[in-house]
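Here's the structure, in structure tokens; my notes come after.
Bear in mind that the values in this text are calculations on the coordinates, not laboratory data. Keep in mind it's a predicted model, so treat the numbers as computed, not measured. No Cβ is skipped: glycine too gets one built from the backbone with ideal geometry, and neighbour counts run over all protein chains shown.
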Amino acid sequence: MMSVSTRRIGMIGAGWVTGYHLPAWGRQRLRAKVVAIADPSAAATAQRAAEFGIPGLYASAEAMLAAEELDAVDICSPRETHAAMVRLAAARQLDILCQKPLGTDFAEAEAVVAGVAAPTRLMVHENWRFRAYYRVLKRWLDEGAAGDIRQVSFEFLSSGMLAGADGLRPALVRQPFFRTQPRLLVMEVLIHHLDTLRYLLGELDVVAARLERSNAEIVAEDVAAVVLRRPSDGLVVNVTGNLAVAGAPPAPRDHLRIFGSRGTVELKGATLSLEAAVPRAEDFDPDATYQGSYDAAIGHFLDGLETGKPFETAPEDNLRTLRLVEEIYRLSRFDPAAEPR
């Protein structure tokens, strides 16, 4: 039985990512419970309702909000719906957790944020920075374990866009919607890393960017080279993302190296290490860390609602990440109509 303080949550969307959101909500059962779920796919809502014991099933968010007494919504629908769903929930003065990004581009997201007013509180579900190894890495940097940071290199490489012997591209099998996204690698994937780099290093500017498309089964970019600069001291951060790398695993893992005056910090997959006079190393379970980032983000949302403290991934903060995304697309002058090489 729910206590009087247990928040009633409505979930908008029943797709792939809800398979991680719903277990995270389940771990918060003393503070919140998902009591309703809405999605145009009756099969998807029925599946999630059966898996997670959700009593209310709806074909639309509008129907759910009209019928249910809710305290908050968790928006997990496709990104092209985020702006409309935020406005819908805000009109009912509900608190909102919304999957990234808040809009299809910076301008739409900025307009959404401007339209949300008290008492509604809005948090962007940007969970990458909540991964356990990034929280430890941040602590190491704050302790000065690497000294003054001189250079940063980040790589996110995958063979997922390369066709296998069966002719299928693993990335498109796992996430078929990649085929039609008008903005793919940067807006869908590297947005996480840009946000995490901001979390670790502070505010950044985009110096240069190049985007490419590797195959004709997608309409947007799956290759990116980006140069960032920290305005406070000129630190250069090189970011490489490529989903069509022969020899790389189909499921990419982060590879981050931070070169400092006193040591080198390296995250390679789920292993975090420091090469210094006093070395450090920690290994993390990849699956537990992945789910754990959803758990931590949703826990942070509830903490913020209970305490009134600012969200770490508040809309105003997330707009700074989206500004980087927009600048990358602007500087790259990427033409999605161009033939892939």
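Per the Debye calculation on the range 220-315 with a single equal scatterer at every Cα and no solvent contribution, log₁₀ I(q)/I(0) for q = 0.12, 0.13, 0.22 Å⁻¹ amounts to -0.66, -0.77, -1.17.
Under a 5 Å amide H cut-off, with hydrogens placed 1.01 Å from N, residue 235 pairs with 230 among residues at least 5 apart or on other chains.
Applying both filters, DSSP loop and at most 14 other Cβ atoms within 10 Å, to the GluC sites (Glu not before Pro) of the range 86-179 gives 143.
Taking R0 as 35 Å, what's the FRET efficiency between residue 271 and residue 42 from their Cβ-Cβ distance, rounded to 0.05? That gives a FRET efficiency of 0.20.
Contact order, relative form, for the chain: 18 percent (alpha carbon pairs under 8 Å, 6 or more residues apart, mean separation divided by residue count). Based on alpha-carbon centroids, what's the gap between the range 242-281 and the range 80-158 in Å, whole number please? First find each Cα centre; the distance between them is then 23 Å. Its relative contact order, with pairs defined as Cα atoms under 8 Å and 6+ residues apart, puts the range 25-149 at 16 percent.
Can you give the Rg to Rh ratio for the range 266-326, taking only C-alpha atoms and Rh from Kirkwood?
Working: Rg = 16.1 Å, Rh = 14.4 Å.
Dividing the radius of gyration by the Kirkwood radius yields 1.12.
Relative to the dominant Cα principal axis of the chain, helix 286-307 is inclined by about 60°.
Extension gain for residue 153-residue 217 works out to 20.1 nm (0.36 nm per residue, less the C-alpha to C-alpha distance).
From its DSSP helices (H runs of at least four residues, each -39,500 (n - 2.57)), the chain gives a residue-normalised ellipticity at 222 nm of -10000 deg cm²/dmol. In the range 4-105, one over the average inverse separation of all distinct C-alpha pairs is 13.3 Å, which is the Kirkwood hydrodynamic radius. Partner lysines whose Cα lies under 30 Å from the Cα of residue 309, excluding those fewer than 8 positions away in the same chain, are identified as 33, 100, 138.
Taking the C-alpha atoms only, the angle from helix 132-142 to the longest principal axis of the chain is near 50 degrees. Over the range 79-160, Cα pairs under 8 Å with separation of 6+ residues give a relative contact order of 25 percent. How far is helix 82-91 tilted, in degrees, relative to the longest principal axis of the Cα atoms in the chain, given as a value from 0 to 90 rounded to the nearest 10? Value to nearest ten degrees: 40.
Estimate the FRET efficiency between residue 143 and residue 80 by the formula 1/(1 + (r/R0)^6), using the beta-carbon distance for r and 56 Å for R0, to the nearest 0.05.
Numbers: r = 42 Å, r/R0 = 0.75.
Computed FRET efficiency for residue 143 and residue 80: 0.85.
Starting from a Cα-only point model with no solvent, please compute log10 I(q)/I(0) by Debye for the range 45-172 at q = 0.21, 0.22 1/Å. At q = 0.21, 0.22 Å⁻¹ the computed log10 ratios are -1.16, -1.21. Among the GluC sites (Glu not before Pro) within the range 52-94, those in coil by DSSP and having at most 12 neighbouring Cβ atoms inside 10 Å are 69. Out of every Cα-Cα pair that the range 1-63 contains, those further apart than 17 angstrom amount to 33 percent.
Can you tell me the mean projection area, over all orientations, of the convex hull of the range 167-263's alpha carbons? Units nm², please. Mean shadow area of the hull around the Cα atoms is 7.3 nm². Residue by residue, the range 320-330 carries 3J(HN,Hα) couplings of 5, 5, 5, 5, 5, 4, 4, 5, 4, 5, 5 Hz when phi is fed to the Karplus relation 6.51 cos²θ - 1.76 cosθ + 1.60 (θ = phi - 60°); x denotes Gly or Pro.
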